[in-house]
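Reviewing the structure listed below.
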Amino acid sequence: MDKVVIFDTTLRDGEQAAGSSLNVNEKLEIARQLEYMGVDVIEAGFPASSVGDYEAVRTLARQIRNTSICALARAVPADIDSAWEAIKEAETPRLHVFLSTSDIHMRYQLKKTRQQVLETAVAAIKQACRYTSNVEFSPMDATRTAPQFLYQIIEAVLDAGASVINIPDTVGYTIPSEFACFIDSIFANVPQVQQAMLSVHCHDDLGLATANSITALLHGARQVECTVNGIGERAGNTALEEVVMAIATRSEQFNLKTDIRTEQIYRASRLVSDLTGFAVQPNKAVVGANAFRHQSGIHQDGVIKERHTYEVINPQSVGIPSSSLVLGKLSGRHALRQRLEELGYGNLTDEEFKRAFSAFKELADKKKEVTTRDIESLMAEDKRTVTEYYHLERIQVTCGDRGIPTAAVKLIGPQGEELADASLGTGPVDAAYKAINRIVKVSNKLTEFTVNSITGGIDAIGEVLIRIEADGVSYIGRGADPDIVVASAKAYMNALNRLLSFGQQPKTKQMAFHQNQTAQEREGDAKEN
Ligand code: KIV
Ligand code: ZN
């Protein structure tokens, strides 16, 4: 069986999704999970886009040893230099250079002729190849590029030394039958591609990203660019979990394999959703909450008698815990450890396990039954409290249909000092946020607020997800608690701490995405950032 290279771009194209803002630690945590899951290449970012992205890519290049680390660069000399600087310490660094080749992009965006684009691409690949032989080229908007020009530029960059040719369906425009012919025609017209690796990068604007990607595999592509949960620019990218499970489930159709440890898929999905704040839709293939739930009586009857009647994937094979047994306040360390292992948290340090156990005990005192989702939420909560400048020590709120909602809060400040204040508000959450604002004086705007109950029942944990915006950057915050006002306050503290720690780090806000920026313009942008 041929191997399919899984190129994960969650931290680059996924990060381009509107509203995403991962800090370096969060990127590293996701990268570690991708490495453990067996991803072949991690596209860690776009170093020339901001100082913060550069630092994040460099950190990943130093820390991740078992997966190739890739950096994106425009076909611009300074971009290629900075991408290389960021990844040069990686075990297996890869440079990924892109340049638009469709008439519409060349005319309106680049304002360059075909000949100029061809020369720019060749020069960029030659420059990249002076650093490494592991160079990938993407003719951006390839599926809307004039075929003869596409063949010409692919041939030229292969001659210049590129070893991977990636075909992006940048605007998610193609359909499977057309893409199949497109891939066939590349092999037929540029025979040298056989010696290189052909890759595809599909967007989901028409909901066809996975279908197009697997069609390309059936026609000879051997690398798929994808993201966990399919996040990414606009409607997103091909979902990693869908491609991997399609290959694993229908291996007789593909005669292909990947090196992905599929039991880690669910954990990766939860982690990316928690850290980016992008919820996974319930009916999402493979990782959605309903993906393995059977509602109708006929289906339930079938599954009870023989699972395969209505299930093509075994939930355990993607890491969805098998046990439906709930834990309670009498459950001990052993039971918790076992459940954590099932959830993919088998490698916790003693300190992490101690924290998890005490959080579990605290919850079990409030809630009769602690479910798997409750435990996942506790673990996510633990990860979120790492960069605390201010800690919510206490909150007390009064509200009702007659009185004026009032909140009093006590926070522990950066030097361990106790800080208390109170405020009125239009509702209990508003009062709590205003009281917090009186202590943590950072101006921001609340742009999103959602509450979900993690499990059913009146004593369910409420999970609050918020987004706040300051200086054009958005920060997510999450908080979980059986009391939703407390969960809301925790979420706000989480978002504020993120904002404050972002102030201490190089900015990761991206520069304007101009492909043909001059050096002066780039400098101007860099100063602004
Ligand atoms: O969608 C796209 O064309 C891209 C390229 C940079 C590969 O993300
Ligand atoms: Zn893309």
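The values are calculated or read from the model by the stated rules, or taken from the named source; none is laboratory data. Treat the numbers as computed from the prediction; the structure is a model and nothing was measured. Don't worry about glycine lacking a Cβ; one is built from the backbone with ideal geometry, like all the others, and counts go over all protein chains shown. Accessible surface is based on the protein model in full, side chains and every heavy atom, while ligands, DNA and RNA are left aside. Shrake-Rupley method; radii C 1.70, N 1.55, O 1.52, S 1.80 Å.
Tabulated results
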| read-out | value |
| --- | --- |
| Computed accessible area, His299, all protein chains, 1.4 angstrom probe, square angstrom | 70 Å² |
| Relative contact order (%) - the chain, alpha-carbon pairs under 8 angstrom, separation at least six | 12 percent |
| Solvent-accessible ranking of Thr426, Thr170, largest area first, probe 1.4 Å | Thr426, Thr170 |
| Loop trypsin sites (Lys or Arg not before Pro), the stretch 17-82, which have at most 13 other Cβ atoms in a 10 Å radius of their Cβ (DSSP) | Arg65 |
| log10 of Debye I(q)/I(0), alpha-carbon scatterers only, for the stretch 263-373 at 0.12, 0.14 Å⁻¹ | -0.52, -0.70 |
| Calculated SAXS-style log₁₀ I(q)/I(0) at q = 0.13, 0.19, 0.20, 0.22 Å⁻¹ - the stretch 46-174, Debye, Cα scatterers | -0.51, -1.00, -1.08, -1.22 |
| Heavy-atom accessible area per residue - the chain, 1.4 Å, Å² | 44 Å² |
| Listed residues Asp79, Asp2, Asp471 arranged by accessible area, highest first, probe 1.4 Å | Asp471, Asp2, Asp79 |
| Anchor Lys305: lysines whose Cα lies under 30 Å away (excluding residues fewer than 8 positions away in-chain) | Lys284 |
| For the chain, calculated [θ]222 nm from helices alone, where every DSSP H run of n ≥ 4 adds -39500 (n - 2.57) | -12500 deg cm²/dmol |
| The stretch 204-344 - Rg over Rh from alpha carbon coordinates, Kirkwood radius | 1.01 |
| Cβ-defined net charge surrounding His105, 13 Å radius [Lys, Arg +1; Asp, Glu -1] | +4 |
| Those GluC sites (Glu not before Pro) in the stretch 37-105 that DSSP places in a loop and that have at most 16 other beta carbons within 10 Å | Glu89, Glu91 |
| Average projection area in nm² (convex hull over Cα atoms of the stretch 221-286, one quarter of hull surface) | 5.0 nm² |
| Efficiency of FRET between Leu330 and Ala420 - r from beta-carbon atoms, R0 60 angstrom, step 0.05 | 0.95 |
| Rel. contact order, % - alpha carbon contacts under 8 angstrom, at least six apart, the stretch 365-501 | 20 percent |
| Share of carbon and sulfur in the accessible heavy-atom surface of the stretch 33-80 [1.4 Å probe, %] | 48 percent |
| Greater than 29 Å apart at Cα, pairs in Lys27/Lys257; Lys368/Lys490; Lys329/Lys445 | Lys329/Lys445 |
| Mean Kyte hydropathy of 0.5 or more with a Cα span along the axis of at least 27 Å, helices from DSSP in the chain | 484-504 |
| Accessible-area value, Met197, 1.4 Å probe, nucleic acids and ligands omitted, Å² | 50 Å² |
| Candidate aspartates and glutamates for bridging to Lys354, where Cα separation is under 15 Å - those fewer than 8 sequence places away on the same chain excluded | Glu341, Glu362, Glu381, Asp382 |
| Cα extents of the chain along the three principal axes, largest first (Å) | 73, 64, 42 |
| Accessible-area composition of the stretch 230-304, carbon plus sulfur, in percent [1.4 Å probe] | 47 percent |
| Accessible area of the stretch 103-198 belonging to carbon and sulfur atoms, whole % at 1.4 Å probe | 53 percent |
| Computed over the stretch 1-78, Kirkwood Rh from alpha-carbon pairs, angstrom | 12.8 Å |
| Low-density loop cleavage sites - GluC sites (Glu not before Pro) in the stretch 389-422, where at most 14 other Cβ are within 10 Å (DSSP) | Glu417 |
